[in-house]
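Sending over a structure as C-alpha cells; questions will come in a sec.
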Amino acid sequence: MALSALFFSQSAGYTASDLKGDVMEKSDLSHHILSRYNDDLERVRTNVLQMGGFVEEQLKQAVTALVQGDSRLGEQVARGDQKVNAMEVAIDDDCSRILATRAPAASDLRLIVAVIKTITDLERIGDEAEKIGYIGSRLAAVERPADRYREIKHLGRLVGDMVHEALDAFARLDPEGAVAIAKKDRLVDEEFEAIQRQCITFMMEDPRTIRRALDVLWVARALERIGDHAKNVCEYVVYMVHGKDIRHLSMEDVEKHLQSRSQRQQESLPPAR
Amino acid sequence: MKKILSAFSPSGWRSVSRLGIALAVAFLIGLMFGRVALALAITFGIYSIVQLWNVLRVEYWLRHRRVESPPDISGVWGEVVTIISRIYRRKQFHRARVTGLLREFRRLTSAMPEGAVLLGPDHEILWFNGRAGEWLRLRRKRDVGIRVENLVRHPAFVDYLKTGHPSEGPIVQDLETDRWLAFNIVRTGTAERQLLMVRDVSQEQQLQSMRKDFVANASHELRSPLTVISGYLDALADDEELDPAWNTPVLEMRRQAERMRTIIKDLLELSKLESGEHTQEESAVDMAGMLALLRKEVMALDERPRNVRLQLESDALLKGVESELHSVASNLITNAVKYTPAEGDIELRWWVDDAGAHLSVRDTGVGIAEEHIPRLTERFYRVDPGRARSMGGSGLGLAIVKHALQRHDATLEIKSKEGVGSTFTCHFPRTRVISRSAGVLATA
C-alpha cells in the first residue's frame, strides 16, 4: 500500500508540472541551461520596467506642472521625452538581438513579443506626458480657473494608478490583476466625459475662456489616451502568461475565459498539501 | 570486545542472561528426553519469532509516528524505543523553541518603525517585513524572488540601486499615497546579500518645506520695509537743510540698513542652497574669466589691499551652476578683501592637476587662530564679534560657500596663521573638469 501511494504521488506530481508548462511562471525565466540567455531575458524585462518607472514619473510631473502652474517643471518633462525614446530604441535593439541569436520559443517568444508591444505603448504614454507638460508650461502663464484643475488632477491620479498597476502586473506576471486594471479604463472614460461637458459649459458661459478650455480638453484627452495605453499593457500581460490574445474581446468574455482556464488548472492539479 | 561488554546496559545484560537461562533450561529438558538438538532448535525458533514480532512493532511505531504512545516492549527493544522517543522529544522541543524564536523575530520586525527588505545578489527580494510590504506595496509570498527594481520603479531609486549614488540614499515620493520614502542600502557581511532599509520621512520633508517657506517668506516680507527705510535714509543724507548733527547717525543707519539687506540676501541664498533642489541647470563655467572679472570689481573699490594678483594656470571649464560658483568665489574674495589691510596682498589662483581643479584665495591679512578654523563654516560664527560687526557682512558667507561646494562634490580647505595670512582652497573633483577644446565642441 505504501508503495502504491508513493507511486501515485509521483505520477500526480509529474502531470501537474506537465500541465503547468502552459502557464508561465516567474521562475520560468530561469529554466534555460544557458545562463546568458536567462540574463538577457531578465535584463530586457527589467529594462522595460525601468522605462515604465521613468514614464510614470514623467506623467506625474507633467500633471503636477499643470496643476501647480510650474512652467519650468513642464519644460523639464517635455525635454525628458527624449530619454524615453532612447530607452525604447535600446530595448527594441535588445529584443531584435535576442530574436536573431537565441530564436526563443513558447513563453520566451511571447515575452519578447509582449515587450516589443509594451514599449511602443510606453513610448506613446511618454509622448502624451510630453504634450501635457508642454501645455502645462503654456497654461502657467494664463490665469488659473477657480477649481485649480481639480478634475485634471483627479483624472491624472486615476490614470497614473492604472499605469503603475499595469506595470506591477507586468512585473508579477499577474493576468488576473491585469484584467482588473483594464476594467478601470471605463472609469477613466467617464471622467473624461465629465471634463468634456464641463469645458463645453465654460466655453458657452464665457468665450474668453475658450483657449484655456481647449487646452484643458487636450490634456484630458491625453490622459484618456494614456489610460488606453495602460489597458493595452494589461492585455499584453494576459497574452504573455496565457498565450491568449484578448485585445478585441469584451472584458466579461475575458474574465470568463480566464476563470474557466484557472478552474481547469485547479482540477488537474492535485489538492494542495 | 571487552569494552562493548562492559558498556552493555543492565537491560542488555538481562536479555543476554535471560537467553542463557532459556537455553540452559532447554538443554536440560533436551537431556531429560534425549533430544537436545530439537529442544535447542525450538527455543531458538521461539526466540527469533519473539524478536521478529518486536522489530515489527517498533517498525510500525516509527512509520506511523505515534510518538506519544510508544509500544510497551521489555528488553533491548524496549530500551531502543525509549532512546528513540527521547531523541524525538528533544528534537520536538528544539523545534518548538526555534519556531517560537522565529515567530518572536517576525513580530519584532513587523513592529519595527522602519521597513526592511533583504535582497539577493541580483536584487531579488528574499524577505521583507510588514512595514516595507505596506510602503512599497509588496505582496507576501508572491513577490519573493522578483527583482526589487521591477516593483519599485522610481528612477532615482533605480539609479541608486545601480550606482550607489547619492551615497546617503534617495528620497522619493510615492505616487499613490504621496508618502516620502528614504532608501538606504546596508551591505551585510557577505557580498551576496544586501539589506534595503526604507524610512518614512514625510514628516521631516514637511518640516523642511515649512522651514524653507518660512525663511523665504520672512526674508521677502522683511525686504520690502527695508527698501522703504533705506530710500528715506538716502533722501535724508542728500538733504542739505538737515542739521549737521544728524549726519553721523544717518550714515550709521544707512550702513546698518545695508548690512541687514546683505543678511537677508544671504539667508535667502543659503536656504535655497540647503533645500537641495537644483533650480538651475549645470553648464560649463569659465572660472578663469569669472576670477578676472571679480578682480576688476575689487580693484574698483576705494578701500582695498595694495595688490590683487591673478594667477590663472589653466583655461579649463568647470561643470556646475554658474550663479553658485560665482557666489563661492565672490564670498571668498570679499572675505579676503575685508580682513586684509591696505598694504597687504591677495592672490587668486586657478589650476588643474591630476586630482582635479582647484581655486585658491590667499591673503596676507590678519589670519585666523587654529581653534576657530573648524567652526568657521558655521552660520553666524564670528572669530571676533566686535570687529566683525563693524565690518558689516552677514556671517553667512562661508556657510554659503560650504553648501555651494557640497553641491558640486567639492571640498573647502582652510590654512591660516595668525598675523601672517590665510589661504582658502576649493578642490573640485576631476569629473567636473571640462578641457577647453571639448567644451568648445559641446557648445558649437
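Each reported figure results from applying straightforward, stated rules to the coordinates on display, with no laboratory input. These numbers come from a predicted model, not from an experiment. Methodologically, a virtual Cβ is constructed for each residue, glycine included, from the backbone with ideal geometry; neighbour enumeration extends over all protein chains shown.
Other chains' Cβ within 10 Å of A:47-56 residues: what's the mean?
Mean number of neighbouring Cβ atoms from other chains: 4.
Points 7 angstrom from Cα along the Cβ direction at A:HIS257 and A:GLU190: gap in nanometres?
In this crude label model, A:HIS257 to A:GLU190 measures out at 2.6 nm.
Right, next: For chain B, take the longest principal axis of its alpha carbons; what is the angle in degrees between that and the long axis of helix B:247-274, to the nearest 10 within 0 to 90?
Once rounded, one gets 30 degrees.
If you don't mind, another one. Counting Lys +1, Arg +1, Asp -1, Glu -1, what net charge surrounds B:ARG362 among other residues with beta carbon under 10 Å of its beta carbon?
Residues close to B:ARG362 contribute a combined charge of 0.
While we're looking at this one, here's another question. Between B:SER323 and B:LYS212, what length in nm is gained on full extension when 0.36 nm per residue of separation is reduced by their alpha carbon distance?
Full extension of this stretch gives 38.0 nm more.
Separate question: Classify segment B:112-200 as rounded, prolate or oblate, taking a ≥ b ≥ c as the square roots of the eigenvalues of its Cα gyration tensor: rounded when a/c is under 1.5, otherwise prolate if a/b is larger than b/c and oblate if not.
rounded
Same structure, new question: Pairs to check: B:LYS162/B:LYS415; B:LYS212/B:LYS415; A:LYS153/A:LYS184; A:LYS60/B:LYS272; A:LYS117/B:LYS141. Give those whose C-alpha atoms are more than 27 Å from each other in this structure.
Over 27 Å Cα-Cα: B:LYS162/B:LYS415; B:LYS212/B:LYS415; A:LYS117/B:LYS141.
Gap in Å between the Cα centre of segment A:170-211 and the Cα centre of segment A:85-120?
If you average the Cα positions of each part, the centres end up 31 Å apart.
Mean residue ellipticity at 222 nm from the helices of the protein assembly as shown, using -39,500 (n - 2.57) per DSSP H segment of n ≥ 4 over the full residue count, to the nearest 500 deg cm²/dmol?
Here the helix-only value at 222 nm equals -22500 deg cm²/dmol.
By counting other Cβ atoms within 10 Å of each Cβ, how are A:ASP206, A:ASP121 ranked from fewest to most?
On the way: A:ASP206 10, A:ASP121 22.
Fewest to most other Cβ atoms nearby, the residues stand as A:ASP206, A:ASP121.
What is the magnitude of the charge dipole of chain B about its Cα centre, with +1 placed on the Cβ of each Lys and Arg, -1 on the Cβ of each Asp and Glu, and no other charges, expressed in debye to the nearest 20?
On the way: 61 positive and 56 negative charges, 1043 e Å.
Computed about the Cα centre, the dipole is about 5020 debye.
Each residue of segment B:351-360 in order: what ³J(HN,Hα) in whole Hz does its phi give by Karplus 6.51 cos²θ - 1.76 cosθ + 1.60, θ = phi - 60°, with x for Gly and Pro?
Each residue's phi maps through the Karplus curve to give 8, 10, 9, 5, 6, x, 9, 9, 10, 10 Hz.
Find, among the GluC sites (Glu not before Pro) in segment A:46-152, those assigned to loop by DSSP (not H, G, I, E, B) with at most 12 other beta-carbon atoms within 10 angstrom.
In loop regions of segment A:46-152 (DSSP not H, G, I, E or B), the sparsely surrounded GluC sites (Glu not before Pro) are A:GLU143.
Given contacts defined as C-alpha pairs under 8 Å and at least six residues apart, what's the relative contact order of segment B:205-274, whole-number percent?
Worked out over segment B:205-274, it gives 49 percent.
Towards the positive end of the charge dipole of chain B, with charges on Cβ (+1 Lys, Arg; -1 Asp, Glu), say which of B:PHE93, B:LEU318, B:GLN206 has the farthest Cα.
B:PHE93
Mind pulling the angle between the C-alpha long axis of helix B:287-299 and the longest principal axis of chain B? Nearest 10 degrees, somewhere in 0 to 90.
Once rounded, the angle reads 40 degrees.
So what is the relative contact order for segment B:283-443, in percent, with contacts set as C-alpha pairs under 8 Å and at least six apart?
Contact order relative to length: 26 percent.
Need the full-extension length gain, B:ARG436 to B:GLU104, defined as separation in residues times 0.36 nm minus the C-alpha distance. One decimal, nm.
Stretched fully, the B:ARG436-B:GLU104 segment lengthens by 113.2 nm.
Tell me, which longest segment in chain B has none of the GluC sites (Glu not before Pro) that fall in DSSP loops with at most 14 further Cβ atoms within 10 Å?
The longest uninterrupted stretch comes out as B:69-167.
Which one, A:VAL188, B:LEU293, A:ASN47, projects farthest toward the positive side of the charge dipole computed for the protein assembly as shown from Cβ point charges (K/R +1, D/E -1)?
Final value for the positive-end residue is A:ASN47.
Still on this structure, please answer the following. Just round it to a whole percent: the fraction of Cα-Cα distances in segment A:145-254 exceeding 24 Å. Working shown, then result.
Numbers: 2041 of 5995 pairs.
So the portion of pairs separated by more than 24 Å is 34 percent.
Could you check the simple spin-label distance between B:HIS64 and B:HIS427, using points 7 Å along Cα→Cβ, in nm with one decimal?
If labels sit at B:HIS64 and B:HIS427, their model points lie 8.0 nm apart.
So, R0 is 35 Å and r is the distance between the beta-carbons of A:GLN82 and B:ARG306; what FRET efficiency does that work out to, to 0.05? Before the final figure, lay out the partial values.
Numbers: r = 54 Å, r/R0 = 1.53.
The calculated FRET efficiency here is 0.05.
What is the fewest-to-most order of B:ILE400, A:ILE200 by other Cβ atoms lying within 10 Å of their Cβ?
A:ILE200, B:ILE400
Let me ask something else about it. Based only on other Cβ atoms within 10 Å, what is the fewest-to-most ordering of B:ASP239, A:ASP185?
Ranked by crowding around the Cβ, least crowded first: B:ASP239, A:ASP185.
Gap in Å between the Cα centre of segment B:207-228 and the Cα centre of segment B:290-353?
30
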